[in-house]
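Novice: What follows is a structure written as structure tokens; I'll ask about it next.
The values are calculated or read from the model by the stated rules, or taken from the named source; none is laboratory data. Please read all numbers here as calculations on a predicted model, not as lab measurements. Cβ coordinates were reconstructed from backbone atoms using ideal geometry, including for glycine residues, and neighbour counts include every protein chain displayed.
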Amino acid sequence: MLPRLFLPPDFRDLLPSNPLGMPLPACLSRRSIRSIRTAFALILSLSLSAAQAQPADAALYASGEKLFKGNCASCHKVDSKMTGPALRGAKVKWEGKGDLYAWVKNSQAYLKTGNELAVKIWDEYKPTIMTPVALTNEEIDAIFYYVDNWAPPVADTPKPPTGEPTDQGSNNWLWLLVLALLFLIVGLSLSGVKRSLANAVSEAEGKGTLPETSRMQRFRAWAWEHKVFMSFVGLFITVWVILKLWDAAWVIGVYGGDEVPHYKPEQPILFNHTLHAGKANKGNLAINCQYCHSSAEKSKHAGIPSVNVCMNCHKAVSTGRTEAGTKEIKKIHQHAGWDPEKGAFTGQEEPVRWVKVHNLPDHAYFSHATHVSVGKLECQECHGPIDEQMDVAEQWAPLTMKWCITCHNEREVKMAGNGYYDEVMARLNGDTILGHGELKKYLEDGKITVKELGGWECAKCHY
Amino acid sequence: MSSTKRIWMDAADLRQDTEAIKARESEFPQELAIDQVLGDANFNGAHTGRRDFLKFLGFSLGAATLAACETPVIKSIPYVTKPEEITPGVANWYASTFYDGQDFASILVKTREGRPIHIKGNPQFGINRNPALPKGVVNARINSSVLSLYDNERLKVPYSREGRSTWADADKAITDGLNAAIAADKRIVVLTNTVISPSTNAAIAALKARYSTVEHVQHDTISYSGVTGANLKSFGKRVFPSYDFTKADAVVSLDADFLSSWGSTTEYTWQYASRRNPDGAMNKHFQVEARMSITGANADARIPVKPSEIPFAVIALHDAIAKKSGGVSVGGGMDSAELNQAADALWNARGRSLVVCGSNDEGVQVLVNSINSMLGNYGSTIDLDNHTYFFQGDDAVAAQLVKDMNAGAIGAVLMAGVNPAYSLSNAAGFKSGLSKVGLSVSFSRYADETASLCNWICPDNHYLESWGDFMPKVGQYALAQPVIGKLFDTRSWQESVLKWSGSEAKWNDFIKQTWQANLAAHSAGASFDSVWNQSLHDGVLASHTMPATPVAFAGDLGTAAAAAKQAANGASEWELSLYATEAIGDGQHANNPWLQEMPDPLTKITWDNYVCMAGSDLMRLADGVMRDPEDALKVGEQSPALQVKVTAGTSEIVLPAIFSPGQKPGTIAIALGYGRGANGEKVGKAACTTDHNGVFGSVGRNAYPFTSLRNGSVSYDAVNVSLTATGETYPVAITQTHLTHMDRHSIVRETSVGVYKAGDRNAYNKPHTLPVHEDVNEDGVIDSRDRKPVAAFDLWAEHPVEGVGHRWGLSIDLNSCIGCGACITACNSENNISVVGKDEVRRSREMHWLRLDRYYSSDTKWHEGREAGESKISLYTRMEEPSERPTVFFMPVMCQHCNHAPCETVCPVAATTHSNEGLNQMVYNRCIGTRYCANNCPYKVRRFNWFNYVSDKFGEVNPAWDDLGRMVLNPDVTVRARGVIEKCSMCVQNIQAGKLAAKKAGTPVKDGSIETACSAACGTGAIIFGDLNDKQSMVRGKAEGDRSYHMLEEIGVKPNVNYLVKVRNTEAETA
């Protein structure tokens, strides 16, 4: 039996448009994406971008789409078989042959009625049982309306990949270099010309040729003449170097954020986050992050899914949208010991040796559960647009203490509806009408931030 | 050893050139021609110029910087198929059972990612559960046992005399050996400690069914044969009864250390502590003993007597009670007014009293039974119908076995849970007998003293890797389940027995079958599977209790008294009593570094056993040996201990002598369980260490040879002992050198129950006040009577603590604290506290976050002395001297989490700060190691990491050094590096986890849902943790009670830890 995918309504809609006050596309544009990946992204965007044909009843279609994605999409495709049969045309197929609604709602119960068509379908897809779904007849109608009116995505005009500006950046450097070389050549030639002229002048004045001196000697002599200027230049260079070193020291050991290239290690399987978790309206699968990273809400670790979680879907899905994708899926099958030909496990298992992307120092305790379950943060607020613009995972945030406590300083504690915070507030309110002095202090800016409840205290993270 | 293929590394190896091979062993050869190199004239001339030096420096710096910039590649490898119950980062708790022949406890085991890392008592089920809290009692030995799982010296495969072997070979050879024994018509003996497992008994029965001459002999390392034998003679049942201290209004214990080492201590401790609440009906406890024991330290009245006098004290008590009850007197008892008081107390509480005796003499125990019988205690405080199954060993049978072995009558012996070559008084006889046995098999986890002499060692699993079932009492069952897969190629010894009996059953299936067969009678209605699953979940099944039946004493008092009086035969100047310490017990856990480093609750000595002596005796012995005999009393870093030679019979050992206040003059006491692996046996890490002379050897000396067989049971006293000073001294590692609290009531406060009940707080717990320059008492004059309590003063701006979220605090009840020290080892386990070894403890560098201070009372009182006109200096000196018959205080001290913490103000880098939850936080990554904080801490609870303890230097003692030992570390707590201060964090990791659970559930933190390691380990309820801002919390209630005070209140640091005044039931009986 396959677990049911939990696909809520597009959760990205719940996300504040600009959670950290950082210009997302801006910081992404600075990322350098290697040409191979650019090509890969291009192919993806070509194959995935889709334009929808407009159906007659847009509202019904939309609600059907939502229901389909929430309830059916993990096991059914519209046009082709997956874990379960393709859904297009099912309504016509069932007309007069049985109760489609009952079949959808609880297939195992309906099977007991001995309906011929049901038995036929069961024989084809057993032993995978379809879990009963709590849908009304209207909702089922909406789903089939959506399914029957769905049009496969049409390739969109390719957009320039986001990596482009950085390439321009490196071209600029090249131009600057050429320019600098030109200047150098011109400068050297000019100094030659100047020297010849000086010689000529000197000869003309009858003083004979100037003494043969090396360029360095002449430079020294010139520098000595322009002592003040040179010391300013020297000072400027020293200060500039120190400042640069200072800046560089700040990002030692920092592998994310705006100032350094993001850490994006080579992974044994090039898992594509965008494809799996990206928005459905862009042709992606929109799987909830916590379907795979299920321990994020209960543990300090978000958890890398075990291979059996991949196999929930990839038992059925053995081909990718691209050839490269198929190759990666094959790797999963190898690790899980799954023989897609025979449709059986061989027992030859091998765990995937992923490279950890987000590394915190040992003395810092970070709990995903606190941030996800209590703080109700979206994954993207710290992990960046992993569902939109990252194929293989990379470290988006700098993960420095500054970054942590900046957020703790600004972020309001999500107290509403939480009995724990009701108690905290009751204590802060105390017995007086005016409330506790501390509470007034906290509320000066109109909100109670994480910092004010102790989010800046050392032993919240270091113990 | 059939392999003929030879592999060599080089020519020297092939030729077996010993010189060359030896030279290769040292990585840096000694004969390196340094002189030659340095003597070279060219070399002398060579020098590194300033510029070159700077170039090198710059290059190295640059290279190091570049190297540091490399992103570390860390692999993260998830399961292929994740077990449903495991979530990485979230702890799982499993109910299981600990039983090792001396302790029994239902426990909960904490596992992280499949590794057991912490043990606490089962708060819901089991006989060791204190229902009032609820918490399960465990002692230090039990909660430290998780570490022994990761001991790298455990045997990893079966061994034969030839070396490593396989299970197939072992099974074949042993089956052949057993058949040979049968063919020769010789007996096969299964020698075990007391088996309380129904399934193990069934497995042995299965072996007997296959081999007709199988005989099961049980032998307890520390014997209770005299107690069970006396019960056989008195009541016809050879059992160890169940005692119920909760019902006992008066307790008289004669040399029975029932809070630490005698009987079922995990039960007695909570039962006893529940009757020490001064707000309830407090019991009255008399202790009659020679050595100051933990139980004696808790007693209301302690009567010191010599070991040879114990039988006469019993007789005196017996006759006093007999006089009152009209029973038969025995005659010849001690004449003691104090014993008569005890008798009065018992008689006044007859039917609700209890007399226990630690003597292993049958005669003495028959008299004790008679006393309890006359008092009508059977059926109330003593239950023979629902007796325990502990301590079934019979010393006479064990002694006979040694004789039979020597006579060649035994064909095979299989040994589990025993170490007779170490612990028998007749160990030499046992060893010679063992060599005459055709097949000897040990199931020991180590190649210990006995196992190393056997033909085969078939290593048993660690109990955390094993299934097991237990029947501690009639109708009480318990289960043990494995919490980790087997680390090594070991096998449950019961499974081995089953295998040799021809059964292929797995041990866990066998247990289930046995339960199914046995439970049918007691679980009517419910399906077996549901009962089994529930029992496994709970760890316990309380199936039934037997109804009380009338108990009639049928012992022969005359014979018993005659036998008892023999104890005094041959008494000489010195008498010796042997005892088991709280940490090491009978010695099977001597390889556990946490236990070795846990200071003895009374002497505060670690990593050694020693001779406990009275001060006057010790000074007499030291006279002429030490420059100042008084130095012998002041053992510590500066003064080593006097070494003495103890001789009794044919045995003698040399040990340091320690001043133990309260020890009866003329008697000495030595702890059993030390001196493991004295002949180079590998008995586990930390049982042997390198001493101050650089000699690798066992920790302490073995005192078991001083035991002897008397009246058919092993006696743990020796009355004819000689004692001489060797003239040498010996350094001991002691954690507390001052003995008394010097009459400072701001540290410990004490009162009697009468004063307490009178209700005037100022009489026993007067708040500290300071004079102020304002008219507080409004009498119109500003004088010294105008005082304010210390709490009214603030040197700095106050931390906002009241009403701001939580304020975590501990309340420590000096009345409930019996001094067992389970909190110390629990803290070790929870907080990854380094073990530093004897040498560092000697330098006061132990790392324990929680210490258990022990203070003896002094006869000198400050005010009395001053009034008598004594000089201050002589008063101070005399106040340091403990009383001959001292009262004892135990006081757990951890970081007090002061709201005006002196440590916080002096840290130059703000590495220690205050949280708004009242915690004094220590941030290791900020700390630069100035140690100003430790200097400024009035409680001296801060510890400095002098070394990188997780290093080679400490590999011998610190379990975290090797890869296996490291598995016990709690991943939620940082392992501290060299150069930083550390201290009690009030288990902030548990606080954070508890708060998170509450936030996720959307409910306020429930009182009791968060526990520190120490409070969870404290089954007597002495340490209570909670939120002081929660007005309903238990800790708040205690903090606001009349008994509450702060240690060193006068310095105004406002701690979040409070103590409750100790109340002793010392008023004379009035009824």
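Novice: Counting just the residues of region A:311-351 that are at the interface with chain B (Cβ under 10 Å from one of its Cβ atoms) and part of a helix (DSSP H, G or I), which one comes out surrounded by the most Cβ atoms within 10 Å (Cβ to Cβ)?
Specialist: Per the stated criteria, the residue is A:Ala336.
Novice: Given B:Lys953, B:Lys940, B:Lys999, which one is away from chain A (no Cβ under 14 Å) and not in a loop (DSSP other than H, G, I, E, B)?
Specialist: B:Lys953
Novice: Would you mention how many residues in region B:600-632 are among the hydrophobic types (A, V, I, L, M, F, W, C) and either within 23 Å of the chain's Cα centre (by Cα) or closer than 16 Å to B:Arg854 by Cα (or both)?
Specialist: Of the residues in region B:600-632, 6 are among the hydrophobic types (A, V, I, L, M, F, W, C) and either within 23 Å of the chain's Cα centre (by Cα) or closer than 16 Å to B:Arg854 by Cα (or both).
Novice: Of the conditions (1) within 27 Å of the chain's Cα centre (by Cα); (2) crowded, with 20+ Cβ neighbours inside 10 Å, A:Leu453 fails just one. Which one is it?
Specialist: (1)
Novice: Return the residue satisfying two criteria in turn: it lies in region B:782-801 and is basic (Lys, Arg) and part of a strand (DSSP E or B), and of such residues it is nearest to the other protein chains (Cβ to nearest Cβ).
Specialist: Selected residue: B:Lys788.
Novice: Is it the case that A:Tyr146 is within 30 Å of A:Gln389 (Cβ to Cβ), aromatic (Phe, Trp, Tyr) and modelled with pLDDT of 80 or more?
Specialist: So A:Tyr146 fits the description; yes.
Novice: Is it true that A:Ile386 is away from chain B (no Cβ under 13 Å), at pLDDT below 90, assigned to a loop (DSSP other than H, G, I, E, B) and farther than 26 Å from B:Thr87 by Cα?
Specialist: no
Novice: Can you tell me which residues in region B:955-972 are surrounded by 18 or more Cβ atoms within 10 Å (Cβ to Cβ) and touching a Ser or Thr at 6+ places or on another chain (Cβ under 8 Å)?
Specialist: Listed by number, the residues that qualify are B:Val957, B:Asn958, B:Ala960, B:Trp961, B:Val968, B:Asn970.
Novice: Going through region A:367-383 one residue at a time, which ones are charged (D, E, K, R), more than 14 Å from chain B (Cβ to nearest Cβ) and in a loop (DSSP other than H, G, I, E, B)?
Specialist: A:Glu378
Novice: Here is a follow-up. So, in region A:389-433, exactly how many residues are among the β-branched types (Val, Ile, Thr), in a helix (DSSP H, G or I), within 14 Å of chain B (Cβ to nearest Cβ) and surrounded by fewer than 21 Cβ atoms within 10 Å (Cβ to Cβ)?
Specialist: Here the count works out to 1.
Novice: To continue, here is another question. All but one of (1) farther than 14 Å from B:Asp538 by Cα; (2) buried (at least 23 other Cβ atoms within 10 Å of the Cβ) hold for B:His118, so report the exception by its number.
Specialist: It is condition (2) that B:His118 fails.
Novice: Looking at region B:610-629 only, could you name the residues that are of a type in the set (Phe, Trp, Tyr) and at pLDDT below 90?
Specialist: Within region B:610-629, none qualify.
Novice: Right, next: Quick one: which strands (runs of 3 or more DSSP E) sit completely within region B:625-692 and have at least 3 residues that are not β-branched (Val, Ile, Thr)?
Specialist: B:641-648, B:651-659
Novice: Suppose we filter region B:84-100 for residues that are in a loop (DSSP other than H, G, I, E, B) and surrounded by 24 or more Cβ atoms within 10 Å (Cβ to Cβ); how many remain?
Specialist: 0
Novice: Looking only at residues that are farther than 29 Å from B:Ala105 by Cα and among the β-branched types (Val, Ile, Thr) in region B:270-328, which one is surrounded by the fewest Cβ atoms within 10 Å (Cβ to Cβ)?
Specialist: Per the criteria, the residue is B:Val328.
Novice: Pairs under 6 Å by beta carbon, first residue in the same structural domain as B:Ala791 (by TED's automatic domain parsing) and under 17 Å from A:Val424 (Cβ atoms) in region B:801-812, partner in a loop (DSSP other than H, G, I, E, B) and basic (Lys, Arg), six or more apart or different chains?
Specialist: B:Val801/B:Arg807
Novice: Out of curiosity, is A:Lys356 touching a Lys or Arg at 6+ places or on another chain (Cβ under 7 Å), more than 8 Å from chain B (Cβ to nearest Cβ) and either within 21 Å of A:Ala397 (Cα to Cα) or acidic (Asp, Glu) (or both)?
Specialist: Judged against the criteria, A:Lys356 is not a match.
Novice: What pairs come up if the first residue lies in region B:325-349 and is on the phi > 0 side of the Ramachandran plot, the second is surrounded by 14 or more Cβ atoms within 10 Å (Cβ to Cβ), and their beta carbons are under 8 Å apart, counting only those six or more places apart or on different chains?
Specialist: If the second residue must be surrounded by 14 or more Cβ atoms within 10 Å (Cβ to Cβ), the pairs left are B:Gly331/B:Ile315; B:Gly331/B:Asp319; B:Gly331/B:Ala561; B:Gly332/B:Phe312; B:Gly332/B:Ile315; B:Gly332/B:Ala561; B:Gly332/B:Lys565.
Novice: Any idea how many residues of region B:802-826 are outside any loop (DSSP other than H, G, I, E, B) and either of a type in the set (Phe, Trp, Tyr) or more than 20 Å from B:Val1035 (Cα to Cα) (or both)?
Specialist: Qualifying residue count for the region: 5.
Novice: I need the strands (runs of 3 or more DSSP E) fully contained in region B:338-430, keeping only those with at least 1 residues that are within 30 Å of B:Ala281 (Cα to Cα) and touching a strand residue (DSSP E or B) at 6+ places or on another chain (Cβ under 6 Å).
Specialist: B:353-357, B:382-388
Novice: Restricting attention to region B:325-356, which residues are among the aromatic types (Phe, Trp, Tyr) and over 22 Å from B:Glu289 (Cα atoms)?
Specialist: If the condition is that a residue be among the aromatic types (Phe, Trp, Tyr) and over 22 Å from B:Glu289 (Cα atoms), then no residue fits.
Novice: Just to be sure before I move on: is B:Asp35 surrounded by 10 or more Cβ atoms within 10 Å (Cβ to Cβ) and either modelled with pLDDT under 80 or closer than 30 Å to B:Ser423 by Cα (or both) in the structure I sent?
Specialist: no
Novice: Among the residues of region B:122-144, how many are touching a strand residue (DSSP E or B) at 6+ places or on another chain (Cβ under 9 Å) and more than 21 Å from B:Asp586 (Cβ to Cβ)?
Specialist: Qualifying residue count for the region: 10.
Each row is one residue, and each column tells you yes or no for (1) surrounded by 10 or more Cβ atoms within 10 Å (Cβ to Cβ); (2) farther than 30 Å from A:Ala397 by Cβ.
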position: A:Met216; (1), (2): no, yes
position: A:Lys227; (1), (2): no, yes
position: A:Gly234; (1), (2): yes, yes
position: A:Glu259; (1), (2): yes, no
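Novice: Within region B:912-928, which residues are within 8 Å of chain A (Cβ to nearest Cβ), outside any strand (DSSP E or B), in contact (Cβ under 8 Å) with a residue 24 or more places away in the chain and crowded, with 19+ Cβ neighbours inside 10 Å?
Specialist: Answer for region B:912-928, where residues must be within 8 Å of chain A (Cβ to nearest Cβ), outside any strand (DSSP E or B), in contact (Cβ under 8 Å) with a residue 24 or more places away in the chain and crowded, with 19+ Cβ neighbours inside 10 Å: B:Glu917, B:Leu919, B:Tyr924.
Novice: Just to be sure, is A:Gly303 modelled with pLDDT under 90 and either within 15 Å of the chain's Cα centre (by Cα) or more than 10 Å from chain B (Cβ to nearest Cβ) (or both)?
Specialist: Spelling it out, it is not the case that A:Gly303 is modelled with pLDDT under 90 and either within 15 Å of the chain's Cα centre (by Cα) or more than 10 Å from chain B (Cβ to nearest Cβ) (or both).
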